[in-house]
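One structure is given here, and the rest of the page talks about it.
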Amino acid sequence: MVEILNSLKSHQVLAEEVKVWYKAAPVDRFPIDGGACVKYKDLQIAVFNFDSGKEWYACQNLCPHKMQMILSRGLTGSCGEEPKVACPYHKRTFSLKSGECLNADEERILTFPVKVEANHVYIGFSR
Ligand code: FES
């Protein structure tokens, strides 16, 4: 499991650092106001369609609490202006902007830039 976390950390990328825009899927493959899992190389990425497609977010699919690949199935919502996802297992809740855990002393998750072009969702990676 340590290898998985270390592998993820090496993929952290800010919007200005994107080198690869991975064409994940057409917009209509993602549930409205929900999430879906996308595979990129050895990573599972949770992609969220917020506000009926007006906002998109992506993060690691791995919940750091019990190392479950589950966050794409989480409950989405917001805390003020902060979009968030709650893990369906034990409700650890993470910001989809910063990756910070909002309700427990838990490791932060990685978030990834997302863009939509020509009706397709793209996720940004550094490699
Ligand atoms: S496995 Fe995600 S909160 Fe426990």
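For residues in the stretch 45-67 being in contact with a Leu (Cβ under 7 Å, 6 or more places away or on another chain) and of a type in the set (S, T, N, Q), which is surrounded by the most Cβ atoms within 10 Å (Cβ to Cβ)? Restricting to residues being in contact with a Leu (Cβ under 7 Å, 6 or more places away or on another chain) and of a type in the set (S, T, N, Q), the top hit is Gln60.
Every residue, every condition in (1) hydrophobic (A, V, I, L, M, F, W, C); (2) part of a loop (DSSP other than H, G, I, E, B); (3) closer than 27 Å to Arg127 by Cα, yes or no:
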{"residue": "Ile45", "(1), (2), (3)": "yes, no, yes"}
{"residue": "Ser78", "(1), (2), (3)": "no, no, no"}
{"residue": "Tyr89", "(1), (2), (3)": "no, yes, no"}
{"residue": "Asn103", "(1), (2), (3)": "no, yes, no"}
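Of all the numbered requirements in (1) over 11 Å from the mean Cα position of the chain (by Cα); (2) not in a loop (DSSP other than H, G, I, E, B); (3) not hydrophobic (A, V, I, L, M, F, W, C), Lys84 misses one, and that requirement is (1). Among the residues of the stretch 105-126, those identified as in a strand (DSSP E or B) and either closer than 20 Å to Leu75 by Cα or within 12 Å of the ligand (Cβ to nearest atom) (or both) are Thr111, Phe112, Val114.
Restricted to the stretch 89-101, and to residues that are surrounded by 15 or more Cβ atoms within 10 Å (Cβ to Cβ) and more than 11 Å from the chain's Cα centre (by Cα), which residue is nearest to the ligand (Cβ to nearest atom)?
If we take residues in the stretch 89-101 being surrounded by 15 or more Cβ atoms within 10 Å (Cβ to Cβ) and more than 11 Å from the chain's Cα centre (by Cα), then Arg92 is nearest to the ligand (Cβ to nearest atom).
Quick note: the coordinates plus some simple rules give every number you see, no bench work behind them. Only a predicted model underlies this, so the values are computations on that prediction, with no experimental measurement involved. Positions of Cβ are backbone-derived with ideal geometry, glycine not excepted, and every protein chain shown enters the neighbour counts.
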